[in-house]
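In what follows, a structure is listed as structure tokens, so that the remarks can point back to it.
What follows is calculated from the coordinates using simple rules that are stated; it is not laboratory data. Everything quoted here is computed from the prediction, not taken from an experiment. Neighbour counts run over all protein chains shown; Cβ positions are idealised from the backbone, glycine included.
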Amino acid sequence: MEKKAEYVVFDYGFEPAGKETIELASPALDQFQEEINRLKILEWDDHYEEAGELNGTNWTVEIIFPDQEYKFTGRNAFPGEWDEFCAQIRQLIGRDFW
């Protein structure tokens, strides 16, 4: 099975600037999955939102396994593990993230 990370990069104004695809080595992906479990990412609420705030940051995270898919979204609010999750993404893809 092909193991890869895909993400969409957005310019200011929320216009998609392109889609990136990175092939992943098994050891790195295995470590990432361990971190997802440790941080309990799959237990996040489906949506996070700061009440009354209309401008700001919208985000979506989709995690797809062969047998199950997860989707989390937010507007101006983030799960408590967000910074650690972003650090794990940066380590996995070897590029800036968030």
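For a paramagnetic label modelled at 7 Å from the Cα of ASP45 toward its Cβ, which residues of the stretch 75-98 fall within the zone defined by backbone nitrogen distances under 16 Å? The answer is 75-82, whose backbone nitrogens lie closer than 16 Å to the label point.
Below 13 angstrom from the Cβ of LEU92, what's the summed charge of the other residues (Lys, Arg +1; Asp, Glu -1)? Once positives and negatives cancel, what remains is -4. Dividing the summed -39500 (n - 2.57) terms of all DSSP H runs of n ≥ 4 by the residue count of the chain sets its mean residue ellipticity at 222 nm at -8500 deg cm²/dmol.
Quick one: pull the percentage of alpha-carbon pairs in the chain with a separation above 21 Å. Counting pairs separated by more than 21 Å, the tail of P(r) holds 36 percent. Hey, what angle do you get for helix 82-93 against the long axis of the chain, alpha-carbon based, 0 to 90 degrees rounded to 10? In the chain, helix 82-93 runs at an angle near 40 degrees to the longest axis.
Per residue, the average separation of C-alpha pairs within less than 8 Å and at least 6 apart gives the chain a relative contact order of 23 percent. Highest mean packing comes first when the peptides 56-66, 75-85, 32-42 are listed by Cβ atoms within 10 Å, giving 75-85, 32-42, 56-66. Here the extension length gained between GLN91 and SER26 equals 22.0 nm, from 0.36 nm per residue of separation less the Cα-Cα distance.
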